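The values are calculated or read from the model by the stated rules, or taken from the named source; none is laboratory data. This one's a predicted model, so the numbers in the text were calculated from it and none came from an experiment. Cβ coordinates were reconstructed from backbone atoms using ideal geometry, including for glycine residues, and neighbour counts include every protein chain displayed.
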Amino acid sequence: MNILVFTLSTYTSELITNTPTYLRQCGKGKYHYETIQVNVQTNGVYSFNSNDTNITYGYIYENDFDPSNPTNNLLAESSISCRRYHFKFGTYLKINKTYILVVTTFEPYVQGEFSLFVIGPNNVSLNRTCKYF
């Protein structure tokens, strides 16, 4: 009998006035965003979830994120459904790869706090990569 064990990693931050912005594809304005490097210790499927009072949207990229070309290196993205104000998506990640998680909002110009929860076969490290003042 195989028993599956999952671990939870968390991250909390805030999109503020000084947070970088970009023009998201098909967007209606500038979107505040934060980039977070995701490092995994075990190959496997990881689920990314957010929890906040704003409607957040998430993307994960392999290697790097270019805000001037947001479809380049895109691995997976969240979807929004009625009455769901946070994102949730899963994807297969490998060790020794660089992944960048982009947290933004569904609507432009929105700011606020957010929390991330990553569930997978092992802990992940989550480190902000963009610096702002």
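A few notes on this one:
- Only one of the listed residues (T35, T104) is closer than 15 Å to C130 by Cα, modelled with pLDDT under 95 and under 14 Å from the mean Cα position of the chain (by Cα). That residue is T104.
- Where N54 falls short, out of the listed (1) more than 20 Å from F117 (Cβ to Cβ); (2) outside any strand (DSSP E or B); (3) not small (G, A, S): (1)
- Flag if F65 is surrounded by 14 or more Cβ atoms within 10 Å (Cβ to Cβ), among the hydrophobic types (A, V, I, L, M, F, W, C) and in a strand (DSSP E or B): no
- Checked against (1) assigned to a loop (DSSP other than H, G, I, E, B); (2) surrounded by fewer than 16 Cβ atoms within 10 Å (Cβ to Cβ); (3) at pLDDT below 90, N72 passes all but a single condition, namely (3).
- Single unsatisfied condition, R84 versus (1) part of a loop (DSSP other than H, G, I, E, B); (2) modelled with pLDDT under 90; (3) in contact with a Ser or Thr (Cβ under 8 Å, 6 or more places away or on another chain): (3)
- Among (1) of a type outside the set (D, E, K, R); (2) under 13 Å from L116 (Cα atoms); (3) modelled with pLDDT of 90 or more - the single one T42 does not satisfy: (2)
- Those residues of the stretch 1-32 which are surrounded by 13 or more Cβ atoms within 10 Å (Cβ to Cβ), within 22 Å of T91 (Cα to Cα) and modelled with pLDDT of 90 or more, in sequence order: S9, Y11
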